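Just below is one structure, and these are the notes that go with it.
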Amino acid sequence: MSAVISARELGLLRCHACGAVYRAAAPGLRCHCRRCGVRLHQRKADSLSRTWALLIAAAILYLPANLIPIMKTSTLLEERWDTILSGVIALWQKGSPEIAVIVFVASIVVPLAKIAVLALLLVTAQRRSAWRQAERARLYRFIEFIGYWSMLDVFVVALLVGLVHFRGLADVQPGGGAVAFAAVVVLTMMASKSFDPRLIWDSEPPRRVRREA
């Protein structure tokens, strides 16, 4: 049994919105934050089911996000449709390997890694596993940190559309893959936010802590 005493075992509740800490109410009574009015929970309500739903939706959209062209480039000489992967290959062939690697990691590796890590966290949390809890907590913080960089491809398309239209050199239009990719990023970000990382530590039933008078 862990030697660390948790706030849950001490009968304390933390507000998810503002971080204020309160003494837990009696079982069956609803408790709201006196600072911001949010309802307090020892754990986020329906965290696992909501995170699974968002994660499955992101996994389904991951395939069209990579198979459907993300943008269309039209010039006087050619018309080109590019998926994320074909864009990475084109950047590599045109002498920009550093940018190609950045786009590949941010747009293909990071979303796939987030989906895989969140699935691992969900499965282990549902099983109340005590396997490598500290490492799993660090994994959760890591995917939260890198999640925002997954939007790099969408930003690149948006900048290209504005820049090319401004100069009048060609015509760049976003494709359906950009919409699917943006949806994947948003859904994985929502999934990581809806997951309650405290569930990682719920491998043991809460203990009753004896309070001194």
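Just one of the listed residues (Leu112, Leu121) is in the same structural domain as Ile146 (by TED's automatic domain parsing), touching a Lys or Arg at 6+ places or on another chain (Cβ under 9 Å) and either surrounded by 14 or more Cβ atoms within 10 Å (Cβ to Cβ) or assigned to a strand (DSSP E or B) (or both), and it is Leu121.
Within the option set Phe142, Phe166, being in a helix (DSSP H, G or I) and modelled with pLDDT of 65 or more holds for one residue only, Phe142. Only residues that are surrounded by fewer than 19 Cβ atoms within 10 Å (Cβ to Cβ) and within 26 Å of the chain's Cα centre (by Cα): list them for segment 83-103, please. Matches in segment 83-103: Thr83, Leu85, Ser86, Glu98, Ile99, Ala100, Val101, Ile102. One residue alone among Arg50, Arg43 is closer than 20 Å to Met190 by Cβ, part of a helix (DSSP H, G or I) and among the charged types (D, E, K, R), and that residue is Arg50. Only residues that are outside any helix (DSSP H, G or I), among the small types (Gly, Ala, Ser) and without any contact (Cβ under 8 Å) to a residue 40 or more places away in the chain were counted in segment 66-99, giving 2.
The values are calculated or read from the model by the stated rules, or taken from the named source; none is laboratory data. Predicted model only: the values in this text are computed from it and were never measured. Reconstructed Cβ throughout: ideal geometry from the backbone, glycine too, with neighbour counts over all protein chains shown.
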